[in-house]
Amino acid sequence: MDNRNIDTDEWEQRLGAQIRQLRLRHNLTQAEVARRANIDRTTVGRIESGEGGSIGSLVQITRALSRENWLDTFAPAAPAVSPMQQLRERQRRETTQRQRAGRQAEPS
């Protein structure tokens with residue numbers, strides 16, 4: 001399935017459904033998740049129903065359900081070396097490589 005064709009409302013519905021399923025697997029009420037996340041219960045309900053919410057609330061709910069690994073998929077750790085640093089280093093190596101003298105023609 002091509003996820004690029006899914007609109008924002010559909011993504012909110014999907015995310016909300018996944019959060020609801022996870023909450024139920026943990027056997028928690030919306031009020032319990034809200035208390036753990038330090039947000040209002042209606043916010044949990046709105047996110048579960050796909051009606052939207054803030055990114056902060058989504059992060060808090062995700063953490064309250066012990067699914068921080070989901071957050072890593074949204075914001076993976078930055079590489080230890082940036083691609084631009086790698087490019088600059090490669091260019092520096094290419095320009096500082098030793099150059100050999102060409103052969104001179106033998107005198108006749």
- Note on the structure: Checked pairs for the stretch 8-32, first closer than 16 Å to TRP70 by Cα, second among the charged types (D, E, K, R), C-beta under 6 Å and 6 or more apart or across chains, list as GLY16/GLU48; ILE19/GLU48; ARG20/GLU48
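Out of LEU28, LEU24, which single residue is surrounded by 14 or more Cβ atoms within 10 Å (Cβ to Cβ) and either touching a Gly at 6+ places or on another chain (Cβ under 8 Å) or modelled with pLDDT of 95 or more (or both)? Give the steps one after another, and end with the answer.
Details: LEU24 fails: surrounded by 14 or more Cβ atoms within 10 Å (Cβ to Cβ).
Criteria check complete, one pass: LEU28.
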- Query: If a residue has to be surrounded by 15 or more Cβ atoms within 10 Å (Cβ to Cβ) and closer than 12 Å to GLU12 by Cβ to count, how many in the stretch 31-56 make the cut?
  - Reply: 5
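For the stretch 34-54, name all the residues that are part of a helix (DSSP H, G or I) and either farther than 16 Å from ALA17 by Cα or more than 23 Å from the chain's Cα centre (by Cα) (or both).
Of all residues in the stretch 34-54, those part of a helix (DSSP H, G or I) come to 34-37, 41-48.
ALA34, ARG35, ARG36, ALA37, ARG41, THR42, GLY45 - these are the residues of the stretch 34-54 that are part of a helix (DSSP H, G or I) and either farther than 16 Å from ALA17 by Cα or more than 23 Å from the chain's Cα centre (by Cα) (or both).
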- Task: For the stretch 67-77, enumerate the residues that are surrounded by 11 or more Cβ atoms within 10 Å (Cβ to Cβ) and assigned to a loop (DSSP other than H, G, I, E, B).
- Result: ARG67
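The values are calculated or read from the model by the stated rules, or taken from the named source; none is laboratory data. Note that the structure is predicted; figures quoted are calculated from it, not measured. Heads up, the Cβs are rebuilt from the backbone with ideal geometry, glycines too, and the neighbour counts pull from every protein chain shown.
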